[in-house]
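Below is one structure; the comments refer to it alone.
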Amino acid sequence: MKAYAKINVFLKVVGTRGGYHEIASRFVLRRELFDEISFERASGFALECDAAQIADNIILKAKAALERAGFARELAEFFSSHKIVLKKRIPIGAGLGGGSSDAAAFLRLANEELNLKISRERLTKIAQNIGADVAFFVSGLEAANVRGIGEIIEPFEDSLPAIEILTPAIFCSTGAVYNEFRASFMQNIDATQARQMLSLSSEQLLAQYGGFQLNDLFAPCIKLYPQMDRYRDMFLSGSGSSVFFLK
């Protein structure tokens, strides 16, 4: 199963909820960039990945979430003779949602292959407890307005102009960027502007606003990773490091 990347056309922080940040954002799926996940016969459970960092892979969190949801027996039986194989193409720490998309692809594939018969609505609820972006990828939507801490997903008929995605060889920690926003940029919160952006198409957003206006995380990202400053005339996806520009 393919696990597609996404970009955030805009991302506004509109508040906090405990240790989390509430956002308003436009997620758009990018089908030209994807990871692949499969289940293969094996002598016992394993998670294999062609990338270096898999120790705390979010796929394992998705598996644990399914177990807690009441499917521990089915998963134990199936994975006594199968392994998970992940082929990474989406860069890690790039703001393209690769890990979250992998987790969502695992949930969908397990639901199909193990015949768990979990409804899309329930699978989305399970996804909300795994990571902030996982529910969007489970939804199957091409584009959506995502609010709260990722649990509010509103379909949006969008028209995204032709863009080019560039991913610098810089790992940007999502947690660190959000923490820097909270420490140094909370005074910039503009919930009114965020609400206005939710009603505009991606084409309108990219024509009317600059990168720093569209993504509240651009400034803290550059503060933490000064080498990102060279991309300030582009648009940032998520917490970076991926940027994009109009063709």
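The values are calculated or read from the model by the stated rules, or taken from the named source; none is laboratory data. No experiment lies behind these values; they were computed from the predicted model shown. Quick reminder, even Gly has a Cβ in these numbers, built from the backbone with ideal geometry, and neighbours come from all protein chains shown. These accessible areas exclude ligands, DNA and RNA; they are computed on the full protein's heavy atoms, side chains included. Shrake-Rupley method; radii C 1.70, N 1.55, O 1.52, S 1.80 Å.
Just check the range 16-110 against the gyration tensor rule for me: Cα atoms, a ≥ b ≥ c as the square roots of the eigenvalues, rounded for a/c under 1.5, and otherwise prolate or oblate depending on whether a/b exceeds b/c. Taking the square roots of the gyration eigenvalues as a ≥ b ≥ c, the range 16-110 is oblate. With a Förster radius of 41 Å applied to the C-beta separation of Ala51 and Lys125, the computed FRET efficiency comes to 0.90. Highest mean packing first, where packing is the average number of other Cβ atoms within 10 Å per residue, the peptides 158-167, 124-133 line up as 124-133, 158-167.
Comparing mean-square fluctuations of Phe79, Phe34, Phe137 from a GNM of the chain with C-alpha springs under 10 Å, the top value falls on Phe79.
Residues whose amide H lies under 5 Å from that of Val14, counting only those 5 or more places away or on a different chain, are Glu22, Ile23, Ala24; hydrogens are built 1.01 Å from N in the peptide plane.
Note on Lys2/Gln196: beta-carbon distance plugged into 1/(1 + (r/R0)^6) with R0 of 30 Å gives a FRET efficiency of 0.30.
Between the range 66-89 and the range 16-47, the alpha-carbon centres lie 16 Å apart.
Would you mind classifying the range 1-58 by shape? Square roots of the alpha carbon gyration tensor eigenvalues, ordered a ≥ b ≥ c; an a/c under 1.5 is rounded, otherwise it is prolate if a/b is larger than b/c and oblate if not.
Oblate, because a/c is 1.5 or more while a/b does not exceed b/c.
Using a probe of 1.4 angstrom and keeping all protein chains present, the accessible surface of the chain works out to 46 square angstrom per residue. Placing +1 on the Cβ of every Lys and Arg and -1 on the Cβ of every Asp and Glu, with nothing else charged, gives the range 163-246 a dipole about its Cα centre of roughly 160 debye.
Magnitude of the charge dipole for the chain, about its Cα centre and with charges confined to Cβ atoms of Lys, Arg (+1) and Asp, Glu (-1), is about 240 debye. Can you work out the FRET efficiency for the pair Ser173 and Lys117, with r the C-beta to C-beta distance and R0 = 45 Å, to the nearest 0.05? After rounding to 0.05, the efficiency reads 0.75.
What percentage of the solvent-accessible surface of the chain, computed with a 1.4 Å probe over protein heavy atoms, is contributed by carbon and sulfur atoms?
Working: 5500 of 11380 Å².
C and S atoms contribute 48 percent here.
Applying a 10 Å radius around every beta-carbon, put 14-25, 184-195, 234-245 in order of their mean neighbour count, most first. Walk me through the numbers before you get to the answer.
Values: 14-25: 16.3, 184-195: 13.6, 234-245: 25.1.
My ranking of the peptides, most packed first, is 234-245, 14-25, 184-195.
Among Ala169, Ala103, Ala135, the residue with the largest mean-square fluctuation in a Gaussian network model of the chain, with springs joining Cα atoms closer than 10 Å, is Ala169.
Could you tell me which of the pairs Lys61/Lys83; Lys12/Lys88; Lys12/Lys223; Lys88/Lys223; Lys6/Lys117 are separated by over 22 angstrom between their Cα atoms in the structure shown? Before the final figure, lay out each step's value.
Numbers: Lys61/Lys83 15 Å; Lys12/Lys88 28 Å; Lys12/Lys223 17 Å; Lys88/Lys223 29 Å; Lys6/Lys117 27 Å.
Distance filter (> 22 Å) returns Lys12/Lys88; Lys88/Lys223; Lys6/Lys117.
Students sometimes get this wrong: rank Cys49, Cys172 by accessible area, probe 1.4 Å, all chains present, largest first. All intermediate terms of the calculation are to be shown ahead of the outcome.
Details: Cys49 30, Cys172 0 Å².
Sorted by accessible area, descending: Cys49, Cys172.
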